[in-house]
1. So C:R136 ticks every box in (1) basic (K, R); (2) part of a helix (DSSP H, G or I); (3) loosely packed, with under 15 Cβ neighbours inside 10 Å but one. Which box is left unticked?
2. For segment D:241-259, which positions are closer than 23 Å to C:S36 by Cβ and touching a helix residue (DSSP H, G or I) at 6+ places or on another chain (Cβ under 6 Å)?
3. Taking segment A:225-259 on its own, how many of its residues are under 25 Å from the mean Cα position of the chain (by Cα) and more than 8 Å from chain B (Cβ to nearest Cβ)?
4. Condition test on D:L163, is it within 14 Å of chain C (Cβ to nearest Cβ), in a helix (DSSP H, G or I), touching a helix residue (DSSP H, G or I) at 6+ places or on another chain (Cβ under 9 Å) and not acidic (D, E)?
5. Can you tell me how many residues in segment A:95-111 are more than 7 Å from chain D (Cβ to nearest Cβ) and in contact with a helix residue (DSSP H, G or I) (Cβ under 6 Å, 6 or more places away or on another chain)?
6. Being open to solvent by less than 30 Å² (accessible area, probe 1.4 Å), under 30 Å from D:N16 (Cβ atoms) and free of Cβ contacts under 8 Å to residues at least 24 places away in the same chain is the requirement here; does C:D64 meet it?
7. Please enumerate the residues belonging to segment D:142-155 that are open to solvent by 50 Å² or more (accessible area, probe 1.4 Å) and over 17 Å from D:I112 (Cα atoms).
8. Anything in segment B:1-43 that is of a type outside the set (F, W, Y), within 7 Å of another protein chain (Cβ to nearest Cβ) and within 30 Å of A:D26 (Cα to Cα)? List them, or say none.
Number of protein chains: 4
Amino acid sequence: MSDLHWKTGITRISPNEIRLRGYRLDEMMGSLSFPSVIYLALKGDLPSPGIAALLDAIMVASIDHGASPPSALAARTASSTGAPLNASVAAGLLSINRFHGGAIEDCMHMLIDALQRANEKSESMEAIAEQLIADRTAAGQRIPGIGHRIHTNDPRTAKLFSLAQDAGLDGDGMRLLAQIQQEFERMGKPLPINVDGAIAAILVDLDFPPELGNAFFFISRTPGLVAHVYEEQTRERPMRRIHPTDHGYDGPEDRALEV
Amino acid sequence: MSDLHWKTGITRISPNEIRLRGYRLDEMMGSLSFPSVIYLALKGDLPSPGIAALLDAIMVASIDHGASPPSALAARTASSTGAPLNASVAAGLLSINRFHGGAIEDCMHMLIDALQRANEKSESMEAIAEQLIADRTAAGQRIPGIGHRIHTNDPRTAKLFSLAQDAGLDGDGMRLLAQIQQEFERMGKPLPINVDGAIAAILVDLDFPPELGNAFFFISRTPGLVAHVYEEQTRERPMRRIHPTDHGYDGPEDRALEV
Amino acid sequence: MSDLHWKTGITRISPNEIRLRGYRLDEMMGSLSFPSVIYLALKGDLPSPGIAALLDAIMVASIDHGASPPSALAARTASSTGAPLNASVAAGLLSINRFHGGAIEDCMHMLIDALQRANEKSESMEAIAEQLIADRTAAGQRIPGIGHRIHTNDPRTAKLFSLAQDAGLDGDGMRLLAQIQQEFERMGKPLPINVDGAIAAILVDLDFPPELGNAFFFISRTPGLVAHVYEEQTRERPMRRIHPTDHGYDGPEDRALEV
Amino acid sequence: MSDLHWKTGITRISPNEIRLRGYRLDEMMGSLSFPSVIYLALKGDLPSPGIAALLDAIMVASIDHGASPPSALAARTASSTGAPLNASVAAGLLSINRFHGGAIEDCMHMLIDALQRANEKSESMEAIAEQLIADRTAAGQRIPGIGHRIHTNDPRTAKLFSLAQDAGLDGDGMRLLAQIQQEFERMGKPLPINVDGAIAAILVDLDFPPELGNAFFFISRTPGLVAHVYEEQTRERPMRRIHPTDHGYDGPEDRALEV
């Protein structure tokens, strides 16, 4: 044991045994879903089955949003010069920050701060939401989690909130965000709760630290970036000029799940 | 439509509708597992339920392997200087290459090439395995997918092959790799099939291109890297000297699943 | 001209002519030093010959600091897994942040803020330095640019300040930092101005924005990282465990310049 | 000394003394140019004054080529999402590969291989050049270092070759590339030697390994990427759609050096 000896609480490796947060990896394989084990890795304990189902949905929700987001464009740009798959995806990951994917963390901070202040003053949800909108509007700040460039009614939000309800998750994060959205509607501005907002509210109610908020986004988006890079590598010529918006879709036609 | 117009076959975005390979994202949320949708993103179609369960296990298998792998060390090193979460994980991702995580792609190439040659000559599995070992030994090349630094019997391999069997997946990739392992045993060298080899053989039998092999590793490892970076951020002081091997585990004690 | 048309003020490319900030690149080649053209790229105008010489020295000052800094370790770690040269250097670059290389920006902010406050109150340098140390000590904050882990008298600082004097650069940034150092000495704590502090003070007096401070560090360090990665690639075996401090030097023996 | 003890031949750090390849860093500061010390770091010895001047020109040559190269676009894309300066530049660096910046390494390999074969057969430069073009044409391969998208006569090439001559550098690398260019001209295809080719030929004649070829490009381009990212941060709004070609220049007007 050298003077640089240090400790980790994540994984213990011994010959023929790998334990994550105390559980054997091979025992979890086949018994637990990948998102459940992600939850275990990040939070230290296993989720209930309802929350596990919700986590699968959170991961599916952000897996891809087409070729226009900067993370897809940066990954394709790197790939187009001949970068290997992992380096291209890394370039994409470096393009997930405050203004793209980062709304989850910002929204979590906003909700947690507002709830804490409200708690101290024993205020109602209505009062908090009203105050929060007034404060942000006065400061010229946007409200993260509300509104979307393209979707007037983000189809992923309703699904996430419904699964959260199924899982018995019913917390102040979701309540406050819904209140904010209603307050906007009352003011004549019908803006949707976007997927980042929905995930943020759920993560607040699951007691995750805001600092991990964006990780849910980029863990989910990594396979999407792989798909973009692989398509770029196999379909396009190197060093093409990649237009950020002028692209069409020619994949499989609309189809319905047969589940 | 400009002269830079291009096409993508992955995702189609329209107001209030996101379709991945033709399926509505919100319809898949709550109905399909995250790994099923990863499979859809990368392969273009949905897996059977048995394969979906196998994919969950593949993803769980590689989620973390402690603090010693270079990807964890590089991510912690970046984090220790004050890098944000995504940049730290990117540094980890850049450390996943031929010699760490890359055995999947190499093993897939090896299996596919050998099976193709065998097919042309109508050779038996035994003959292929024998020839392959002889050729590689003569050339001084290692055989990817066989052997492990720490595990003499990789606990993840048996689980993956058993789930593959449950899913009715029974292909030449797994058969050839098993044959190679038996050939080694016959030669008095009892080496395990490691987790990279098991995943490689399964991906060959699922007809994935080798170029996507490592993606399964790094998609799986991304949450593990997040856990390491978050631990580094919250537990260690900045700019510490990070010893690559001299660390102990002080997380939760051994516990069994209650499923 | 599309609706995405945008403007840049850096470089104009036309057939057989490349102009950076208005000057022909081929005209500058052979006439101007690389650091002069870096200055032009970042600041928009050319430096005087004295400042050009100072910039060369600033760049030489930070080119390498051995194998222990996290940027060298992260670059070597990535390289050790088989990463290409540029991806390895990128991993190093991602490890240059607030706690490594970042002192330049922090020190610039500190000096600029203090000088601005002093200006408003027409205070003497002595008073500002005293106040600054008192405030930071009370807040438990370190003073960036002062002190070094290894060097009690950073040999690079004296050289930079002497070259700055030769160039006729004599500004409040350098004066204030020197005053802070003297104040510490008066207090019985003889701490050196480190190279980051010296560069920060000079950049303040050259009127660079603090946001560009760290760029001087990482532009300078990039070739050093290349040297480390190339040494790793050509001298070490893949996937070795890289000890962060236990390494010796076996390069060329001490030698003196013959200039 | 642990069992992980290792050696490096680049830099020796002791209290108040930093030696790169045996020379004191503070002694070199003010006496040697930055590119001379880059050469020292990468090659182990100092260049002659003529070569030092040539190296400055090589570094100036590639410092920037406008906003269209993928490295600039990837860096701006990352920056546009809120990435810090170093992470944005890292995304740019990850976009410098075989098809962008990578021609230096490819051209060096081509020249070295051809010269070696020629040496073995004692062939003339004319014969080598002719054979090389014939072989590559037959194989459908491009010839790296020859031709340019925009420049019919790359203004940087003549300058580099003239400075090489001034430095007394007169090697087979430059001779062979010139011969290839003349052979093309004789065939009725007047293609220029581009800047990558000129640098490659010079590096071959300076006896650099091809594996370091691209490093000269990306060391030089790093400050250019910083300029693009800083312009993006200070001039553009976040998350804009970045058109890869539809941009104009509005920087300083054409001006001549006054040297």
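1. All conditions are met except number (3).
2. At the first step, the residues of segment D:241-259 found to be closer than 23 Å to C:S36 by Cβ are D:249, D:251-259.
Within segment D:241-259, just D:L257 meets the criteria.
3. Qualifying residue count, segment A:225-259: 5.
4. On the way: within 14 Å of chain C (Cβ to nearest Cβ): yes; in a helix (DSSP H, G or I): yes; touching a helix residue (DSSP H, G or I) at 6+ places or on another chain (Cβ under 9 Å): yes; not acidic (D, E): yes.
Against the criterion (within 14 Å of chain C (Cβ to nearest Cβ), in a helix (DSSP H, G or I), touching a helix residue (DSSP H, G or I) at 6+ places or on another chain (Cβ under 9 Å) and not acidic (D, E)), D:L163 qualifies.
5. Residues of segment A:95-111 more than 7 Å from chain D (Cβ to nearest Cβ): A:101, A:103-111.
From the residues that got through so far, the ones that are in contact with a helix residue (DSSP H, G or I) (Cβ under 6 Å, 6 or more places away or on another chain) too are A:101, A:103-105, A:107-109, A:111.
Qualifying residue count for the region: 8.
6. On the way: open to solvent by less than 30 Å² (accessible area, probe 1.4 Å): yes; under 30 Å from D:N16 (Cβ atoms): yes; free of Cβ contacts under 8 Å to residues at least 24 places away in the same chain: no.
Taking the combined requirement at face value, the residue does not satisfy it.
7. To start, the set of residues in segment D:142-155 that are open to solvent by 50 Å² or more (accessible area, probe 1.4 Å) comprises D:142, D:148-150, D:152-153.
Once the filter is applied, which keeps residues that are open to solvent by 50 Å² or more (accessible area, probe 1.4 Å) and over 17 Å from D:I112 (Cα atoms), segment D:142-155 yields D:H148, D:R149, D:I150, D:T152, D:N153.
8. Residues of segment B:1-43 that are of a type outside the set (F, W, Y), as a first pass: B:1-5, B:7-22, B:24-33, B:35-38, B:40-43.
Restricting the remaining residues to those that are within 7 Å of another protein chain (Cβ to nearest Cβ) gives B:1-2, B:4-5, B:7-13, B:15-22, B:25-33, B:35, B:37-38, B:41-42.
Those that are of a type outside the set (F, W, Y), within 7 Å of another protein chain (Cβ to nearest Cβ) and within 30 Å of A:D26 (Cα to Cα): B:M28, B:M29, B:G30, B:S31, B:L32, B:S33, B:P35, B:V37, B:I38, B:A41, B:L42.
The values are calculated or read from the model by the stated rules, or taken from the named source; none is laboratory data. All values derive from a computational prediction rather than experimental measurement. When we count neighbours, we look across all protein chains shown, and the Cβ atoms used for this are built from the backbone with ideal geometry, even at glycine. The area values use the complete protein model at the heavy-atom level, side chains included, leaving out ligands, DNA and RNA. Shrake-Rupley method; radii C 1.70, N 1.55, O 1.52, S 1.80 Å.
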